[in-house]
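Structure record follows, encoded as structure tokens.
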Ligand code: MSP
């Protein structure tokens with residue numbers, strides 16, 4: 001496995017406040033980045049804002065402010081949201097920053113010089129909302145945007161084009177040589193059958209119809225069309241083409257880095273077709289993996305800023321805490337498939353998995369250690385009860401499966417392995433009946449073994465949950481008497497880790513939610529993005 005990771009989210013449009021769909025994408029990326037770092041790998045995590053384009057120009061005009069003031073204000077909200085969700089991005093790129101603007105201009109010049117970009121005239125079906133041109137086949141007889149379903153208009157203008165034809169064969173070869181590039185694999189077939197086979201048009205990479213963009217140096221009435229501008233953020237943020245290319249060398253050029261883009265299904269085409277082509281034109285290596293996650297739906301249609309059918313993550317986090325929201329997003333929605341946001345499922349997940357299974361396991365165990373051993377975790381003495389071996393095997397199995405699943409970006413699956421361990425540990429309490437063992441002095445060693453095994457199962461579960469439950473797992477470590485150094489991932493296999501630790505009784509990690517009150521509360525948040 002590669003030793004370093006560079007992982008990115010799409011850069012979000014600051015055209016309106018972000019909703020839970022964006023929080024979903026960023027949270028998943030954060031979980032992956034944290035899990036890598038916790039396991040000792042270097043991982044650089046980038047997110048940002050895609051600040052140019054017609055839609056932003058228009059929204060700013062409607063708000064009576066300059067586009068820059070408009071995006072500055074909304075991007076402030078991005079920072080706050082990522083802070084609230086405890087997102088650990090290493091950098092935040094804004095496409096209006098000098099470090100990006102200058103390099104995009106140079107990239108454009110380079111492609112122009114190379115003959116990969118030429119000046120022509122564009123006529124096509126344009127979707128103003130998606131800022132994308134579509135072909136006749138794609139818009140169909142109803143002339144609807146295949147992405148958002150809105151009506152598209154015929155549009156014509158002088159524009160620069162990127163010669164896609166020059167790179168199609170090598171793109172197909174790249175797909176063949178790198179079967180893991182695009183996940184889920186169905187996305188690759190979609191790219192080939194829907195876009196490449198019917199004949200890929202050259203891609204329009206400039207606009208003259210609006211001004212809020214990066215001017216083309218050679219012809220400043222044109223601004224760089226938003227996808228060439230947007231996609232290159234992944235390398236400009238690392239210092240590509242600048243006087244400080246150190247991060248680019250380390251996290252992009254070095255073959256020992258795995259480059260991973262996480263993105264939503266709505267923007268696969270741009271990432272899986274045009275981005276590798278741009279990179280090839282620049283003579284830069286292509287990413288290793290692009291993971292396409294499903295979209296969060298609400299009332300059967302895609303949640304989106306422009307439709308306004310969204311859930312605002314702020315009040316959710318404020319009321320239920322960051323862990324519950326992070327957990328719901330990672331565990332409930334299967335990474336890779338579409339999911340729907342539901343208040344009932346939210347409450348159910350928090351209650352059953354976090355309050356009843358995990359929280360309760362910790363609570364019961366700490367109480368028993370308090371009652372039977374004055375709060376000191378007994379030493380590990382091997383497998384003293386007939387059930388100890390099975391629990392230990394389950395712990396080993398969980399670690400192994402979790403790591404495998406995480407490495408393969410199967411985040412939902414990884415977390416469900418931890419849930420199973422927690423369930424197994426709860427069952428172990430029923431099997432070993434510590435309250436019966438406690439009545440018989442001759443069974444003291446067995447009782448001690450049960451407590452040690454339970455403490456270790458909780459430690460391992462908390463360690464593996466940590467990238468998701470960033471607050472509660474630390475509280476669990478504290479209650480087990482583990483310092484943060486001791487709780488480190490490198491100790492996960494140490495059977496003696498918990499020996500003789502002084503536990504600390506704490507409050508429940510996840511108080512049970514009253515569905516009768518909370519379901520209507522959450523339902524009330526749906527649809528509001530104010
Ligand atoms: N700016 C472009 C991306 C450029 S990346 C070089 C863009 N921005 S966006 O803000 O409209 O959406 C970005 C991403 O947000 C989507 O690809 C997707 O990952 C995520 N989501 C937006 N709506 C979503 C849902 N309803 N559900 C899940 N994710 C969603 O496209």
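Yes/no matrix, rows are residues, columns are (1) more than 30 Å from residue 428 (Cβ to Cβ); (2) surrounded by fewer than 17 Cβ atoms within 10 Å (Cβ to Cβ); (3) assigned by TED's automatic domain parsing to the domain that holds residue 150; (4) modelled with pLDDT of 95 or more:
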position: 287; (1), (2), (3), (4): yes, no, yes, yes
position: 334; (1), (2), (3), (4): no, yes, no, no
position: 362; (1), (2), (3), (4): no, no, no, yes
position: 368; (1), (2), (3), (4): no, no, no, yes
- Is one or more of the residues making up region 107-128 free of Cβ contacts under 8 Å to residues at least 60 places away in the same chain, in contact with a helix residue (DSSP H, G or I) (Cβ under 7 Å, 6 or more places away or on another chain), crowded, with 17+ Cβ neighbours inside 10 Å and not in a strand (DSSP E or B)? no
- Quick one: in region 224-283, of everything that is within 11 Å of the ligand (Cβ to nearest atom) and in a strand (DSSP E or B), which residue is modelled with the lowest pLDDT? 264
- Pick from 469, 525: which is in contact with a strand residue (DSSP E or B) (Cβ under 7 Å, 6 or more places away or on another chain) and within 30 Å of residue 74 (Cβ to Cβ)? 525
- Message: If I filter region 2-27 down to residues being in contact with a strand residue (DSSP E or B) (Cβ under 8 Å, 6 or more places away or on another chain) and in a loop (DSSP other than H, G, I, E, B), which single residue comes out as farthest from the ligand (Cβ to nearest atom)?
- Response: 3
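Could we say that residue 150 is buried (at least 21 other Cβ atoms within 10 Å of the Cβ), under 30 Å from residue 94 (Cα atoms) and at pLDDT below 95 here?
Details: buried (at least 21 other Cβ atoms within 10 Å of the Cβ): no; under 30 Å from residue 94 (Cα atoms): yes; at pLDDT below 95: yes.
Judged against the criteria, residue 150 is not a match.
Looking at region 402-423, is at least one residue in contact with a strand residue (DSSP E or B) (Cβ under 9 Å, 6 or more places away or on another chain) and farther than 25 Å from residue 5 by Cα? Can you show your working first?
Residues of region 402-423 in contact with a strand residue (DSSP E or B) (Cβ under 9 Å, 6 or more places away or on another chain): 408-409.
Restricting the remaining residues to those that are farther than 25 Å from residue 5 by Cα gives none.
No, that holds for no residue.
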- Message: If residue 56 satisfies all but one of (1) within 16 Å of the ligand (Cβ to nearest atom); (2) in a helix (DSSP H, G or I); (3) touching a strand residue (DSSP E or B) at 6+ places or on another chain (Cβ under 6 Å), what's the number of the condition it fails?
- Response: (3)
- Message: When you scan region 61-79, do you find a residue that is in contact with a strand residue (DSSP E or B) (Cβ under 6 Å, 6 or more places away or on another chain), without any contact (Cβ under 8 Å) to a residue 60 or more places away in the chain and more than 22 Å from residue 226 (Cα to Cα), even just one?
- Response: no
- Determine which member of the set 139, 152 is farther than 23 Å from residue 224 by Cβ and free of Cβ contacts under 8 Å to residues at least 40 places away in the same chain. 139
- Message: Looking at 482, 464, 469, 513, can you tell me which residue is surrounded by 15 or more Cβ atoms within 10 Å (Cβ to Cβ), in a helix (DSSP H, G or I), touching a helix residue (DSSP H, G or I) at 6+ places or on another chain (Cβ under 8 Å) and not assigned by TED's automatic domain parsing to the domain that holds residue 34?
- Response: 464
- Task: Starting from region 427-454, keep only residues that are closer than 20 Å to residue 393 by Cα, then list their pairs with residues that are at pLDDT below 95 and crowded, with 23+ Cβ neighbours inside 10 Å whose Cβ atoms are within a distance under 6 Å, requiring at least 6 positions of separation or different chains.
- Result: none
- Message: Test of understanding: among 36, 86, which residue is under 17 Å from the mean Cα position of the chain (by Cα) and assigned to a helix (DSSP H, G or I)?
- Response: 36
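Given the options 75, 31, name the one that is within 16 Å of the ligand (Cβ to nearest atom), outside the structural domain of residue 462 (by TED's automatic domain parsing), farther than 20 Å from residue 247 by Cβ and surrounded by fewer than 20 Cβ atoms within 10 Å (Cβ to Cβ).
On the way: 31 fails: surrounded by fewer than 20 Cβ atoms within 10 Å (Cβ to Cβ).
Checking each option against the conditions leaves just 75.
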- Residue among 344, 348 that is surrounded by fewer than 17 Cβ atoms within 10 Å (Cβ to Cβ), at pLDDT below 95 and more than 13 Å from the ligand (Cβ to nearest atom): 344
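The values are calculated or read from the model by the stated rules, or taken from the named source; none is laboratory data. Bear in mind the structure is a predicted one, so any value in this text is a computation, not a measurement. Please note: Cβ atoms are built from the backbone with ideal geometry, for glycine as well, and neighbour counts cover all protein chains shown.
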